[in-house]
Amino acid sequence: MTILLLADHDQHTLSDATARALTAASATGGTVHLLVAGHNIGAVAEAAAKLSGVSTVLVADDPALAHGLAEPVAATILEHAGDYDTIVAPATATGKDVFPRIAARLDVMQISDVTRIVAPDTFERPIYAGNAVETVKTSDKIRILTIRTSAFNPAEAGDTPAEIKTVAVPQASWRARFEEEIVTKSDRPDLSSAKIVISGGRALGSADRFRDTLGPLAERLNAAIGASRAAVDAGYAPNDLQVGQTGKVVAPDLYIALGISGAIQHLAGMKDSKIIVAINKDEDAPIFQIADYGLVGDLFQIVPEFEKALG
Ligand code: FAD
């Protein structure tokens, strides 16, 4: 069995999501080829070749792939799809953009957000905002999977680098065109892969209080900052910090929820965190049902005390 894994990267750096999806791809029990599609991506290909479990790195280098647009990336994968039993991507923005197109073109189903490989043709994935786990067995001849990366540990570096091969990129006049990229700049660790996440909810009350309350604590703990949808909708935090069903899915070692009630849609994005700490003034808040440590009280008193205790 041969598996093709689409690397997730920003044209310069290979993301942690790739190493996690590689663990899932390897668990399906075959030879893994890792496709790096982009432009001037030598450094990404070299980093990919160092990962344990990759047999070959395929480099598709073309100006049309410089911004990861779904149309040319999907066409590149489809050009080589016939050589593979399983095609995998992390369920990142890129994976979610490219893979439905591939599945449609191959006329097979996509199995999204896989959290466990049961057998080469059988997979587990969460449904109903994570309230149930569905086991999917497929008889499709090519399996198209996106991986929920928080469910898998990253593959380590291997002893011998994998072979790097250049592959053909189909040429066409693509209908989608890159216009502009607006990237949020942050000194904080990336939310999806941070070991500690501190999230704030509606209780923060304003953008200033959100920043002034979470910022220093996050700095102290080298944590990423997250937010509930209520905090995002109210304009206290930018959209890309939203954790939950319609935001990011995180599973850090430590998740601290400040003034978040624990709605099912929020839990869908953080309930797999290893240790959950909740601070909420309502002792009946649902977040306490999944918290390992719960503090009932006013976050505006508790957070400064917590900071003082950190020294
Ligand atoms: P609230 O539910 O208003 O809770 C605020 C909490 O703060 C309360 O528990 C209160 O007791 C506590 N509090 C108030 N003051 C203080 C204080 N001084 N100190 C301590 N505690 C205090 N939500 C998400 O988060 N992520 C999603 O991805 C998401 N997707 C959704 C998708 C759909 C289709 C729908 C319908 C909803 C979605 N939601 C999502 C919204 C979700 O249902 C909740 O409305 C939202 O999570 C509530 O945010 P919150 O906990 O910050 O606010």
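The values are calculated or read from the model by the stated rules, or taken from the named source; none is laboratory data. As the structure is a computational prediction, the values presented were derived from the model and not from experiment. Note that each Cβ is placed from the backbone with ideal geometry, even for glycine, and that neighbours are counted across all protein chains shown.
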Within the range 168-223, residues assigned to a loop (DSSP other than H, G, I, E, B), in contact (Cβ under 8 Å) with a residue 40 or more places away in the chain and crowded, with 16+ Cβ neighbours inside 10 Å come out as 169, 191, 192, 193, 194, 201
Restricting the range 103-137 to residues that are farther than 30 Å from residue 49 by Cα and in a loop (DSSP other than H, G, I, E, B), the residue that is modelled with the highest pLDDT: 107
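Which of the residues belonging to the range 266-284 are within 6 Å of the ligand (Cβ to nearest atom) and modelled with pLDDT under 95? Can you show your working first?
The initial filter retains those residues of the range 266-284 that are within 6 Å of the ligand (Cβ to nearest atom), namely 266, 269, 279-282.
Residue satisfying the conditions is 269 alone.
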Restricting attention to the range 230-244, report how many residues are surrounded by 18 or more Cβ atoms within 10 Å (Cβ to Cβ) and under 18 Å from the mean Cα position of the chain (by Cα). 4
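Could you tell me how many of the residues in the range 270-294 are among the β-branched types (Val, Ile, Thr) and part of a strand (DSSP E or B)? Spell out how you get there, then give the answer.
First pass over the range 270-294, keeping only residues among the β-branched types (Val, Ile, Thr): 275-277, 279, 287, 290.
Those left that are additionally part of a strand (DSSP E or B): 275-277, 279.
Result for the range 270-294: 4.
Which of the residues spanning the range 236-263 are more than 16 Å from residue 200 (Cβ to Cβ) and near the ligand (Cβ under 7 Å from one of its atoms)?
Narrowing the range 236-263 to residues more than 16 Å from residue 200 (Cβ to Cβ): 245-246, 249, 251, 253.
Within the range 236-263, 245, 246 meet the criteria.
Can you pull out every residue in the range 283-296 that is surrounded by 13 or more Cβ atoms within 10 Å (Cβ to Cβ) and more than 14 Å from residue 217 (Cβ to Cβ)?
Answer for the range 283-296, where residues must be surrounded by 13 or more Cβ atoms within 10 Å (Cβ to Cβ) and more than 14 Å from residue 217 (Cβ to Cβ): 285, 286, 287, 288, 290, 291, 294, 296.
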Being farther than 17 Å from residue 140 by Cβ and within 20 Å of the chain's Cα centre (by Cα) narrows 98, 59 down to just 98
